[in-house]
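This report refers to the structure that appears directly beneath it.
Derivation of every value follows stated rules applied to the coordinates shown; laboratory data play no part. From a predicted model like this one, the values you see are computed outputs, not experimental measurements. Virtual Cβ from ideal backbone geometry, glycine too; neighbours counted across all protein chains shown.
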Amino acid sequence: MTALVEMRNIKKHFGHVIALAGVSFDVHAGECHCLLGDNGAGKSTFIKIMSGVYQPTEGEVLVDGSPVVFDSPRAAMAAGIATVYQDLAMIPLMSVSRNFWMGREPEKGVWPLRTFDLAKADEITVAEMRRMGISLRGPDQAVGTLSGGERQTVAIARAVYFGAKVLILDEPTSALGVRQTANVLSTIDRVRKQGIGVVFITHNVRHALAVGDRFTVLNRGQTLGTAERGSVDAAALQDMMAGGQEMALLESSLGGTI
Amino acid sequence: MTDASPDVRRDERIKPVSPFRRALIRPELGGICGTILVFLLFAAIAGDSGMFAAEGVMNWTVVSAQFMVIAVGACLLMIAGEFDLSTGSMIGFAGVMMAILAIHFSLPLWLAIILTFAFCVLVGAVNGWLVIRTGLPSFIVTLAFLYILRGLTIWGAVYFTRQTIIGGLNEKTAGDWLAPLFGGKVLTGLFTWMGEAGWIATFTRGNRAGQPVIDGVPMLIVWAIVLVIFGHWLLTRTKFGNWIFASGGDAQAARYVGVPVNRVKILMFMLSAFCACVFATCQVMEFGSASADRGLLKEFEAIICVVIGGALLTGGYGSVIGAALGAIIFGVVQQGLFFANAESSLFRVFLGVILLTAVIMNTYIRRIITGER
């Protein structure tokens, strides 16, 4: 099976800083591929290349097996790669419906009297939110009144509704509480079952193990290989992320609680 | 993980929202309350002064309409997340430019009006372009244009005509096809009829005896109503309106989903300049002259109308109807104190108090909307 997106030997240099030193990664339809790494490992740089924000210094990006060059986030979006950023996804003062359709508003009527079809927008928004397990007070409810997890879910629902084939989630659970995290993880699971490839970026091994099919660990701009679900446990992933010895020492002093 | 069934039960921790509180969550609410309040106030203290007779009504309606015209531009721009402090200077500039073109260069008035509009809207676009390209706050960029335009206005008036007030435009309006669009009056027949029926005051002496004192609705009021309806429709009913909210709410988030934020902001700067031009042209046609000092402080008055109307200074939230109500409050208070024979300097005190009350109330409303504590 061809991967939806394949990244081959990606290198990225910022001046004399080597942010990525040859990273390969792919995601298939219907799987959740977790990209793990500690702070500064190069996760953000890597997904920004995948979503068209940065261009790689070296290496290839392939969509459905053919090489492409994304010169802007819009190009990546057009190819079906949607990114949900941790905090920049939603506008709190606007209603859920207006946020959901932002940039792709449905219209009705004839020019120059074309109007934003609010009735249709509201109806679809409520239906999509219900499918994701969120009950809105109304489509005109402001996003600011939603919890962090619900905002992530709205952003995910939006990306899915607009035909994303690959969904990149940048640390979706890092700022969330236990219950909200569970909600977002179950949303990921639901999206994956619809045949969408999910790239789940996190530094939390337990969250990754809860939904991941495959795991790739980044450490200091290099990949330490990809593991299948079942062939790796939490401790091994934690070790790879933090880089061995040092961490082992720390952990023993903390009684193996992290 | 097993597929969790969608949990669509009500969250028991969210209190039901009473209809009253729901009604409170509208940007226009402050404007509506304020309007009712000032009308009650002036009905009480100036009710017998002729403020609510036809002439009085026309008096404060014209003033309100002036504020309304510039408030529409300022409102949409503020919701898109920017300010335009050059509005007042633009009013002076547009009037003088028009007068110089028509009187000094003897262009037909319609051509002078069109060239002035084109140039001013272009200046608005430059304002917007500079804000986008430099990433500087629009406060600074348009503050620079406040001085640049005012300076150019005075210099231009003195250089071409050796005076700062340019008259003689009345003769040029006769027979011009575009001038009545700004200086004319509509519904004159209705007012004549109402005068004949004795419903409104008529002149009793002089060569206009028998004609109504108020002989029609000035085009300025028509412009104000048209701009308010257009602005409200654009903001709440169109795709572009959603982009205006998005650009002001969070420009980066809007860009991520493909909203052309730069285009939206530059267009709103252009609209603001257009509104200033409408104001200037109506004033020039009414007085038959242009003056280099017109429009002083109008930028702040426009912003005050918008803020009283419920818009947030930080952008992303507001209402054109609210701004229009803000303009009515402004106009009624300014003229009402005159009718009530109050000390005119009290106007500023009153204005400050209203502004402060409106901002405090808006902050409270926003907290309810976003659920902040």
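Observations
- Note, ³J(HN,Hα) from phi for the stretch B:177-184, Karplus 6.51, -1.76, 1.60, rounded to Hz, x at Gly and Pro: 7, 8, 4, x, 5, 10, x, x
- Taken along its three principal axes, the alpha carbon spread of the stretch B:31-367 comes to 68, 51, 37 Å, from the longest extent down to the shortest.
- Building the convex hull from the alpha-carbon atoms of the protein assembly as shown and averaging its projection over directions returns 36.6 nm².
- B:Leu115/B:Leu143 FRET efficiency (R0 35 Å; Cβ-Cβ; nearest 0.05): 0.85
- Cα pair distances in the stretch B:107-227, grouped into 5 Å bins until the bin that holds the longest one, percent each: 2, 9, 11, 13, 14, 15, 11, 9, 7, 5, 3, 1, 0
- Cα-based Kirkwood hydrodynamic radius, the stretch A:87-135, one decimal, Å: 11.9
- GNM on chain A, alpha-carbon springs under 10 angstrom: the most fluctuating residue among A:Ile91, A:Ile49, A:Ile81 is A:Ile91.
- Amide H contacts under 5 Å for A:Asn219: A:Leu224, restricted to partners 5 or more places along the chain or on a different chain, H placed in the peptide plane at 1.01 Å from N.
- The stretch A:164-230: trypsin sites (Lys or Arg not before Pro) falling in loop per DSSP and having at most 15 other Cβ within 10 Å: A:Arg220, A:Arg229
- Residue of B:Ile91, B:Ile354, B:Ile244 that the Gaussian network model of chain B assigns the largest fluctuation, springs spanning Cα pairs under 10 Å: B:Ile354
- Fluctuation leader among A:Gly212, A:Gly30, A:Gly177 - chain A, Gaussian network, Cα springs under 10 angstrom: A:Gly177
- For the stretch B:213-372, the fraction of alpha-carbon pairs in successive 10 Å shells from zero, as %: 9, 31, 36, 18, 6, 1
- Coarse-grained scattering of the stretch A:195-237 at q = 0.20, 0.26, 0.33 Å⁻¹, given as base-10 log I(q)/I(0) from a Debye sum over alpha-carbon atoms: -0.63, -1.04, -1.45
- Long pairs among A:Lys165/B:Lys239; A:Lys11/B:Lys239; A:Lys43/A:Lys165, criterion Cα-Cα beyond 31 Å: A:Lys11/B:Lys239
- Spherically averaged projected area of the stretch B:117-185 from its Cα convex hull (nm²): 6.5
- Compactness of chain A as Cα Rg over 2.2 N^0.38 Å, two decimals: 1.07
- Taking a straight Cα-Cα cut-off under 17 Å and skipping sequence neighbours fewer than 8 places away in the same chain, the aspartates and glutamates within cross-link reach of A:Lys48 are A:Glu6, A:Asp26, A:Asp38, A:Glu58, A:Glu60, A:Asp71, A:Asp87, A:Asp170, A:Glu171.
- Across every pair of non-identical alpha carbons in the stretch A:17-152, the mean reciprocal distance, once inverted, gives a Kirkwood radius of 17.8 Å.
- Whole-number percent relative contact order across the stretch A:78-188, with pairs defined as alpha carbons under 8 Å at least 6 apart: 40
- Our coupling estimate for the stretch B:29-44, obtained by passing each phi through the Karplus curve with A = 6.51, B = -1.76, C = 1.60 and θ = phi - 60°, is 3, x, x, 5, 4, x, 4, 4, 4, 5, 5, 4, 4, 7, 5, 6 Hz, Gly and Pro reported as x.
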